[in-house]
Amino acid sequence: MPKMKTKRAAMKRFKRTGTGKLKRWHANHSHILTKKTRKRKNRLKKSALVASADFPRVNRLLQA
């Protein structure tokens with residue numbers, strides 16, 4: 001049986017934290033930034049954790 005390959009698209013989008021949670025980045029921070037407030041843009045810069053409902057699905061993509 002061949003080895004399972006990690007989904008490379010998922011690998012580029014998610015990082016695992018020290019405690020095993022998954023970190024993601026916010027969308028809507030790449031273009032059309034003029035109409036967004038500074039407060040909103042600053043919040044979008046920061047990373048967030050993957051929701052508990054999505055965790056098993058994303059985790060499966062990263063398991064190799």
Item to check | Residue check for K36: farther than 15 Å from D54 by Cβ, modelled with pLDDT of 95 or more and out of contact with any Pro (no Cβ under 6 Å at 6 or more places or on another chain) | outcome: yes
Checklist entry - Checking R24 against (1) farther than 24 Å from M4 by Cα; (2) open to solvent by 70 Å² or more (accessible area, probe 1.4 Å); (3) in a strand (DSSP E or B), which single condition isn't satisfied? => result (1)
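The values are calculated or read from the model by the stated rules, or taken from the named source; none is laboratory data. Since the structure is predicted, the reported quantities are computational estimates derived from the model, not experimental observations. As a convention, Cβ positions derive from the backbone with ideal geometry for all residues, glycine included, and neighbour counts pool all protein chains shown. Areas reflect the complete protein model, heavy atoms only, side chains present, ligands, DNA and RNA absent. Shrake-Rupley method; radii C 1.70, N 1.55, O 1.52, S 1.80 Å.
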